[in-house]
1. Can you list the DSSP H helices in the chain whose Cα atoms extend at least 15 Å along the helix axis and whose mean Kyte-Doolittle hydropathy is -1.0 or higher?
2. Of the candidates 237, 46, 61, which one comes out as most mobile in a Gaussian network treatment of the chain with C-alpha springs shorter than 10 Å?
3. Based on Cβ point charges of +1 for Lys and Arg and -1 for Asp and Glu, what charge dipole magnitude is obtained for region 1-88 about its Cα centre, in debye rounded to the nearest 20?
4. Among 82, 110, 95, which residue has its Cα positioned farthest towards the positive end of the charge dipole of the chain, with +1 placed on the Cβ of Lys and Arg, -1 on the Cβ of Asp and Glu, and the dipole taken about the Cα centre?
5. Of the heavy-atom accessible surface of the chain (probe 1.4 angstrom), what whole percent is carbon and sulfur?
6. Test of the criteria: in region 105-183, which chymotrypsin sites (Phe, Trp or Tyr not before Pro) are in a DSSP loop and have at most 15 other Cβ atoms within 10 angstrom of their Cβ?
7. Run the numbers for residue 197 and residue 41: contour at 0.36 nm per residue of separation, minus the present Cα-Cα distance, in nm.
8. Using a 1.4 angstrom probe, figure out how much accessible area the chain has per residue, in square angstrom, rounded to the nearest whole.
Amino acid sequence: RYAMENALEWGMEWIISLQEMGGPIFDTFFEIATFTGEEMFYLLFVPVLFWAIDHRIGARVGFAFLLSAYINPILKDLFPQPRPYQVNPEVSEHTVPGSGMPSGHAQSSVFVWGTLAWQVGRGWFWGLAIIWMFLVGFSRVYLGVHYPHQVVAGWIVGAILLALFILIDPRFEPWMAKRPLGQQLAIALGVPVLMAAAYQHNDTVAAAAVMCGFGSGFVLMRRYCPFSASGLWWQRVLRTAIGLAGLLAFYIGLGLIAPEKEAVSESLYYATRFLRYGVMGLWISFGAPWFFNLLAPIRQPEPELEPGFAQD
């Protein structure tokens, strides 16, 4: 307890010192850095990777974000700690739900950007990714929404998840590819449903739901509408614009009809939330690629089959 009180006291002094040295330029820069750790950013970034860069890279990066987004709220509930502005309101104009330990932005930045760097496989990109991981975490301290030790904890958790993912993924994908289509769908649908049921929280249910739709859609896409993210620059841009328009329509449209948490039973609220985010995940990995394949101007030649899901 004494060590924790010292960490909080020292952290507050550090935050105040950083803000005193900062200014409008630093404020703007770190606001941008912290945005790249927000859910909304990843809801835009992952589909762009999937539709316009490489669907395999997009799938892995998307899974990394969703797994991190599922785990972080659980850790926050297990290790509740105040955020700096809750102790001293003068250090931040932001209000963020949930406790501060560990930092979700720091955790996701290591896991997501580390996964992307692993896929790119270039030393220079690893360097850029590590710098950005640091800046995203640092922005949370500068903006007064996390203590330094909470950011460090997020980095550590993210690094552990990244190491496990790099170790397991090359073994899991070939194993999954050998399963019949029905088993692949059962895994893609069943595991996220169990995850959502095991820990019911706004963020965990949303993450598990997108994982459910995204994973099952990926299996169906590989079997029934093979998709290539390659093409001319304008084709990639057009696919992205159409895809994001559809994603936004589902996000807003389903949000308008979703019941408020206070108006219905908890089970019904989480069920409708799961449906909303599940549909969005399905659109990213299956609905949008299927629609792209219908449009001759942006359709690519059918890609050669590569090792992966749903390849009997």
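1. Those that clear 15 Å and a mean of -1.0 are 2-21, 24-35, 55-78, 104-120, 123-142, 148-177, 181-198, 202-224, 233-257, 266-282.
2. 237
3. Rounded to the nearest 20 debye, it is 420 debye.
4. Ranked along the dipole, the leading option is 110.
5. Details: 10710 of 15320 Å².
Within the chain, the accessible surface is 70 percent carbon and sulfur.
6. Here no loop site has a sparse enough neighbourhood.
7. Here the answer is 53.5 nm.
8. Values: 15320 Å² over 312 residues.
Per-residue value: 49 Å².
The values are calculated or read from the model by the stated rules, or taken from the named source; none is laboratory data. What you are looking at is a predicted structure, and each value in this text was computed from that prediction instead of being measured. As a convention, Cβ positions derive from the backbone with ideal geometry for all residues, glycine included, and neighbour counts pool all protein chains shown. Ligands, DNA and RNA are stripped out before the accessible areas are found, and what is left, the full protein with its side chains, is counted by its heavy atoms. Shrake-Rupley method; radii C 1.70, N 1.55, O 1.52, S 1.80 Å.
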